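The values are calculated or read from the model by the stated rules, or taken from the named source; none is laboratory data. This is a predicted model, so every value here is computed, not measured. Backbone-built Cβ (ideal geometry, glycine too); neighbour counts: all protein chains shown. Areas reflect the complete protein model, heavy atoms only, side chains present, ligands, DNA and RNA absent. Shrake-Rupley method; radii C 1.70, N 1.55, O 1.52, S 1.80 Å.
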Amino acid sequence: MTTSVAPTLATLSPYVASSSQRNAIEADAGALLVLAGPGAGKTFCLTERIRFLIESLKFDPERICAFTFTNKAAGEIAHRLEARLGDAAARIKRGTIHAFCAELLRELGAHVLLEPGFGIADEEYQLNTLRRIEGPRRWHRNTLNRFSAHRFRGDALLHDDAILFEKYERFLTKRKLVDFDTLVIKAAELLERADDGASVRSRWDVVLVDEFQDLNPVQYRVIRALAREHRHV
């Protein structure tokens with residue numbers, strides 16, 4: 001089901017929905033895609049959709065999983081849910097995809113050959129790693145982007161990049177570190193394992209994704225695996 005949301009929220013009070021927003025918020029349980037431009041109130045629709053699922057369709061808050069792309073968006077959604085749902089908001093699984101993958105791998109990472117107690121290399125650590133391997137370079141952020149394209153889309157690495165990528169991965173592995181890309185890749189592998197995938201999927205009955213269009217192919221594998229049975233995304 002697809003519904004288009006008119007960009008009218010800026011003229012409304014925070015808790016009043018337009019008719020098109022109401023269509024998205026009160027749609028039947030099941031697959032739903034909301035198309036909306038900037039300033040149309042996508043976060044409002046997402047939080048109100050969650051409230052509708054709980055208060056009108058009687059979903060258990062603990063059976064709802066909501067993803068965002070940034071910590072800022074996660075904080076905003078958490079604030080709005082707490083304002084609208086009170087204590088029930090804390091029972092909803094919510095946060096960034098990377099945070100979700102990290103938590104899942106802390107629990108079950110050994111099943112995909114991750115050592116317990118692994119650390120996470122943020123972007124600054126990744127850049128420092130490249131500086132240590134080949135010295136200061138202005139283009140290291142672009143190098144990391146090429147690494148991501150190689151991992152997520154299968155883009156080929158040129159000879160020098162391929163050598164650097166191998167050294168980069170060895171450097172992190174030796175220190176029991178994973179970067180953000182590896183978190184998502186390993187989580188996707190875990191969820192596609194028959195026993196582990198079924199066990200994790202059984203925890204939630206609905207998955208909501210903010211800014212769905214920004215998913216890369218591996219992040220989409222995570223969402224698809226979580227919703228394989230109920231298909232309620």
* **Rounded to whole Å, sorted largest first: equivalent-ellipsoid semi-axes of region 125-164, Cα gyration tensor** => 18, 11, 8
* Structure fact -> Rounded to a whole %, the carbon-and-sulfur portion of the accessible area of the chain at a 1.4 Å probe is 51 percent
* State the answer as a single residue: which of Ser18, Tyr220, Val206 lies farthest towards the positive end of the charge dipole of the chain, with beta carbon charges of +1 for Lys and Arg and -1 for Asp and Glu, about the Cα centre. => Tyr220
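Rule-of-thumb check for region 85-136: C-alpha Rg over 2.2 N^0.38 Å? If you can, show how the numbers build up before the last one.
Values: Rg = 16.3 Å, N = 52, 2.2 N^0.38 = 9.9 Å.
Compactness ratio reported: 1.65.
Which of Lys72/Lys174; Lys72/Lys93; Lys42/Lys93 have a Cα-Cα distance over 25 Å?
On the way: Lys72/Lys174 32 Å; Lys72/Lys93 16 Å; Lys42/Lys93 19 Å.
With Cα atoms farther than 25 Å apart: Lys72/Lys174.
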* To do: Distance between Cα centroids, region 177-215 to region 89-153: provide it in whole Å.
  => 14 Å
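With the other protein chains left in place, how much accessible area per residue, in square angstrom, belongs to the chain at a 1.4 angstrom probe? All intermediate terms of the calculation are to be shown ahead of the outcome.
On the way: 12490 Å² over 233 residues.
Ligands and nucleic acids excluded, the figure is 54 Å² per residue.
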* **For Arg94, distant residues with modelled amide H under 5 Å away** => Ala66
* Asked: DSSP loop GluC sites (Glu not before Pro) in region 85-141 with at most 13 other Cβ atoms within 10 Å of their Cβ, which ones?
  -> none
* Rg/Rh for region 24-78: what does it come to with C-alpha atoms and Rh from Kirkwood? -> 0.95
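Could you rank the peptides 72-80, 160-168 by their average count of other C-beta atoms within 10 Å per residue, with the highest value first?
Working: 72-80: 16.2, 160-168: 14.7.
So the order, starting with the most tightly packed, is 72-80, 160-168.
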* Asked: Using modelled backbone amide H atoms (1.01 Å from N, in-plane), which distant-in-sequence or interchain residues come within less than 5 Å of Ile120's amide H?
  -> Val178
* Structure fact -> Applying the gyration tensor rule to the Cα atoms of region 158-233 (axes a ≥ b ≥ c; rounded if a/c under 1.5, else prolate if a/b exceeds b/c, else oblate), the class is prolate
* To do: With the Cα gyration tensor of region 82-181 in hand, convert its eigenvalues to equivalent ellipsoid semi-axes via √(5λ) and list them largest first in whole Å.
  => 32, 16, 13
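Kindly state, as a whole number, the per residue volume in cubic angstrom of the convex hull around the alpha carbon atoms of the chain. Could the numbers behind the result be given before it?
Working: hull volume 32.8 nm³, N = 233.
Taking only Cα atoms, the chain has a hull volume of 141 Å³ per residue.
What is the local net charge at Leu130, summed over the other residues whose Cβ is closer than 10 Å to its Cβ (Lys, Arg +1; Asp, Glu -1)?
Values: positive: Arg131, Arg132, Arg137, Arg141, Lys167; negative: Glu134.
Neighbour charge sum, excluding Leu130 itself: +4.
In whole percent, what relative contact order does the chain give with Cα contacts below 8 Å and a gap of six or more residues? List each step's numbers first, then the result.
Values: 274 pairs, mean separation 50.7, N = 233.
Computed value for the chain: 22 percent relative contact order.
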